[in-house]
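The values are calculated or read from the model by the stated rules, or taken from the named source; none is laboratory data. Worth saying up front: this structure is predicted, and the values here are computed from it rather than measured. So basically every Cβ, Gly included, is an ideal-geometry build from the backbone, and we count neighbours across all protein chains shown. Each accessible area value is taken on the protein alone, full model and side chains, heavy atoms only, with ligands, DNA and RNA left out. Shrake-Rupley method; radii C 1.70, N 1.55, O 1.52, S 1.80 Å.
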Amino acid sequence: MSLTFHWFLPTNGDSRDVVGGGHGSPAAAFGRYRPPTVAYLSQIARAAESLGFTGALTPTGAWCEDAWLATAMVSRHTEHLKFLIAFRPGFVSPTLAAQMASTFQRQSGGRLLLNVVTGGESHEQRAYGDFLDKDDRYRRTGEFLHIVRQLWEGKTVDLHGEHLRVEDARLTRVPDPVPDIYFGGSSPIAGEVAARHVDVYLTWGEPPAQVAEKISRIRSLAAREGRTLRFGIRLHVITRDTSAQAWAEAGRLLDGFDPQTVRAVQTGLSQSESEGQRRMLALHGGSRDALEIHPNLWAGIGLVRGGAGTALVGSHEEVAERIKDYADLGIDEFVLSGYPHLEEAYWFGEGVLPRLAAQGLWQHPYDDRAGSAAPVPFAV
């Protein structure tokens, strides 16, 4: 077994402190800000590639740069790294999206992965001209993915759906390979869409018992559709040579959170329609107390950031053990990030990945091509 690890491209900007944003919250830096230039994002992407990350997630929303354009530019500065592009199906026609994916695959050498984000905030969706309610957005996503899948198979598609309508839709050139579709959502209707249409179901970093329950539920739904899915988890990481050093860094980040800003962010996020966001908020309740909600799982990031709000914090050995715990539940892929993203990629890539390799849980995906770029396995 070899686990798959993805990093994150901070197209909302980066810092040695937390950069907030997401789920309707504006991007806000709590320290010195690094703008998301193509040069800086490419530096992160090249580091992730050399360290052995398979891909890099690029977010979507009003709080960050456009994911398609940013990754298209960054891809020219890498050779093997894949790009997990987040996009919202309500903002573009399914035929055009299928064509864009096909073009990206050809021009990048098959390095596209797609993270479908239905959109949990109606007020943000309306700013883009989308006035459907949450459940209808998920139904539309199901129709969208049905059309896209058919087009990628080279079929001509006619569909008069509840929300989408296409006639005589087809692609001149289909993508090769067909990109995997990643998708997350904690509501019942999200589970139905995942079971029918996606390749990888993503969850945010909840404690293992909650993740296990979610995996079991989605796996059962997929089995009813005659399908099997892979499972991934989205987490931040703070990993250091010792546990004390890692927790000191978490404490430094927490000290930088202005109480007034925390209250404002929490007030905004409490209005979210997203079930996943509600579950994230419940992990800390807006309080700075008792933020270690499971051994080495810290909910502090969620005080100032929407979406993924938990981090694995600890020594390299401890973080590797927690990853193994999630893998034992059925998690195959880990989508990680850390502040700042350039430096934290090295902490994880040089500290944790070699330990997982020594246990037979990971191998560098580009070993036969990267040569000396691959980390030297850590002896245990």
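General observations
- Where the chain is the region considered: accessible area per residue in Å², 1.4 Å probe: 40 Å²
- Packing, taken as the mean count of other beta carbons within 10 Å per residue, orders the peptides 113-121, 92-100, 219-227 from highest to lowest as 113-121, 92-100, 219-227.
- Relative to the dominant Cα principal axis of the chain, helix 275-284 is inclined by about 10°.
- The three principal axes of the C-alpha atoms in segment 80-144 carry coordinate ranges of 38, 21, 19 Å, sorted with the longest axis first.
- Summing charges over neighbours of G142, with a neighbour being any other residue whose Cβ is under 13 Å away from its Cβ, gives -1 when K and R count +1 and D and E count -1.
- Packing-based ranking, highest mean first, of 187-193, 166-172, 352-358 given that Cβ atoms within 10 Å are counted: 352-358, 187-193, 166-172
- For segment 87-164, the relative contact order is 35 percent, taking Cα pairs closer than 8 Å that sit 6 or more residues apart in sequence and dividing their mean separation by the residue count.
- One quarter of the convex hull surface built on the alpha carbon atoms of segment 130-205 amounts to 6.0 nm², the projected area averaged over directions.
- Extent along principal axes [Cα atoms of segment 9-120; Å; largest to smallest]: 41, 35, 19
- In the chain, the alpha-carbon atoms span a convex hull of 128 Å³ per residue.
- Relative to the longest principal axis of the Cα atoms of the chain, the long axis of helix 243-255 lies at roughly 70 degrees.
- Segment 84-156 - charge dipole about Cα centre, Lys and Arg +1 at Cβ, Asp and Glu -1, debye rounded to 20: 300 debye
- Mean sequence separation of contacting Cα pairs (under 8 Å, at least six apart), scaled by the length of segment 28-156, corresponds to a relative contact order of 21 percent.
- The Rg/Rh ratio for segment 263-367, using Cα coordinates for both the radius of gyration and the Kirkwood hydrodynamic radius, is 1.02.
- Long-range tail of P(r) for segment 201-268 (Cα pairs > 18 Å, %): 63 percent
- DSSP beta bridges in the chain [antiparallel fraction, %, rounded to 5]: 25 percent
- Potential lengthening of the chain between R126 and S93 amounts to 10.2 nm, from the contour at 0.36 nm per residue minus the alpha-carbon distance.
- Using heavy atoms of the protein chains and a probe of 1.4 Å, the accessible area assigned to H316 is about 10 Å².
- If only the Cβ of Lys and Arg carry +1 and only the Cβ of Asp and Glu carry -1, the dipole of segment 138-235 around its Cα centre is close to 200 debye.
- Relative to the longest principal axis of the Cα atoms of the chain, helix 94-108 runs at roughly 60 degrees.
- Residue (of T78, A47, A127) at the positive-pole extreme of segment 36-141, dipole from beta-carbon charges: T78
- With N as its number of residues, segment 60-210 has a Cα radius of gyration that, divided by 2.2 N^0.38 Å, comes to 1.04.
- Average Cα contact separation per residue, the chain, under 8 Å, 6 or more apart, as relative contact order %: 21 percent
- Charge dipole (debye, nearest 20) of the chain; +1 at Cβ of Lys and Arg, -1 at Cβ of Asp and Glu: 440 debye
- Heavy-atom accessible area ranking, 1.4 Å probe, most first, across T4, T310: T4, T310
- Along each principal axis, Cα extent of segment 168-213, largest first, Å: 46, 21, 12
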